[in-house]
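The values are calculated or read from the model by the stated rules, or taken from the named source; none is laboratory data. Just so it is clear, the structure is predicted and the values come from calculations on it, not from any experiment. Please note: Cβ atoms are built from the backbone with ideal geometry, for glycine as well, and neighbour counts cover all protein chains shown.
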Amino acid sequence: MGANITLPGFNVITDVRGSLSGVKMSLAGNQWFVVDELMMFLKSRGFTVYVETIPPGLVLRRALGEPLIIGDLTIDARPDIVSLPSNMLNELNVRDHFEYVENDQRLFTLVNP
């Protein structure tokens with residue numbers, strides 16, 4: 001199960017959750033409200049899931065391969081799926097996309113370089 005060193009009220013990061021061994025998603029921070037349901041849905045379908053909710057500019061940097069650094073923790077696994085406004089797509093090699101809200105946010109599956 002892992003060596004859990006979490007102390008109640010300390011070391012709690014709500015914007016990064018799940019397991020890096022599965023599908024890795026980087027979503028814009030304003031998508032935080034869908035994360036619980038999204039993770040439950042994917043887990044119910046047998047997926048292991050990691051989700052981070054961060055500002056769109058950081059989502060783009062993560063999609064381009066930059067690590068996410070939180071204190072002494074470095075998460076260097078590149079996301080498989082990202083959610084970005086369509087005007088931020090020019091720098092990405094996108095395999096597939098679909099629109100899922102009316103405010104021009106889209107989910108993307110990245111092609112490994």
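Identify the residue in region 64-86 that is in a loop (DSSP other than H, G, I, E, B) and out of contact with any Lys or Arg (no Cβ under 8 Å at 6 or more places or on another chain) and, among all such residues, is surrounded by the fewest Cβ atoms within 10 Å (Cβ to Cβ). Within region 64-86, the match that is surrounded by the fewest Cβ atoms within 10 Å (Cβ to Cβ) is 72. Within region 60-90, the residues that satisfy the criterion of being among the charged types (D, E, K, R) and over 17 Å from residue 17 (Cα atoms) are 61, 66. Within this structure, residue 21 fails the test of being of a type in the set (S, T, N, Q), modelled with pLDDT of 90 or more and outside any loop (DSSP other than H, G, I, E, B). Each residue in region 42-61 was checked for being of a type in the set (Phe, Trp, Tyr) and under 10 Å from residue 25 (Cβ atoms), and 1 of them qualify. When residues in region 24-60 are screened for being assigned to a helix (DSSP H, G or I) and either in contact with a His (Cβ under 7 Å, 6 or more places away or on another chain) or surrounded by 13 or more Cβ atoms within 10 Å (Cβ to Cβ) (or both), 14 of them pass.
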